[in-house]
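One structure below.
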Amino acid sequence: MAGQLKLSTHEMLELHEIIRGEVTCAKKIQANIGAVMDGDLKAFMQDSLEKKKGIINKYHDLYDQAVEQKTVEQ
């Protein structure tokens, strides 16, 4: 079945940990962005935050696809 994601339980746990790390990083950026006075740094942080959100969404999609596949296999 081409195009289907097959992850072992261990790999799913690793992906979950990666997602948690990305979410933590995004929360830290978001919490600190208001305290930044430098315009360039603030713009960089906002850009980084948007990219993190995109990455998190992609990881969530992968995770959901893996969970769906595991459910179908059982």
Next item on the list: Taking the chain as the reference, fit the longest principal axis to its C-alpha atoms, fit the long axis of helix 9-32 to the helix C-alpha atoms, and give the angle between the two in degrees, 0 to 90, nearest 10.
Entry: 10
Check: So what's the angle, to the nearest 10 degrees on a 0 to 90 scale, between helix 39-73 and the longest Cα principal axis of the chain?
Finding: 10
Check: So if we plug the beta-carbon distance of S48 and K70 into 1/(1 + (r/R0)^6) with R0 = 22 Å, what FRET efficiency do we get, rounded to 0.05?
Finding: 0.10
Item checked: Length-normalised contact order of the chain in % [C-alpha pairs under 8 Å, at least 6 apart] -> 54
Margin query: Which one, N57, I19, L41, projects farthest toward the positive side of the charge dipole computed for region 9-73 from Cβ point charges (K/R +1, D/E -1)?
Written below: L41
Checklist line | Nearest-20 debye value, the chain charge dipole, Cβ charges on Lys, Arg, Asp, Glu | finding: 160
Check: Quick one: how many lysine pairs in the chain have C-alpha atoms under 20 angstrom apart, if they're 8 or more apart or on different chains?
Finding: 16
Margin query: With 21 Å as the cut-off, how large is the P(r) tail for the chain, expressed as percent of Cα-Cα pairs?
Written below: 41
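No lab work stands behind these numbers, since they all come straight from the coordinates. Source: prediction; values computed, not measured. As a convention, Cβ positions derive from the backbone with ideal geometry for all residues, glycine included, and neighbour counts pool all protein chains shown.
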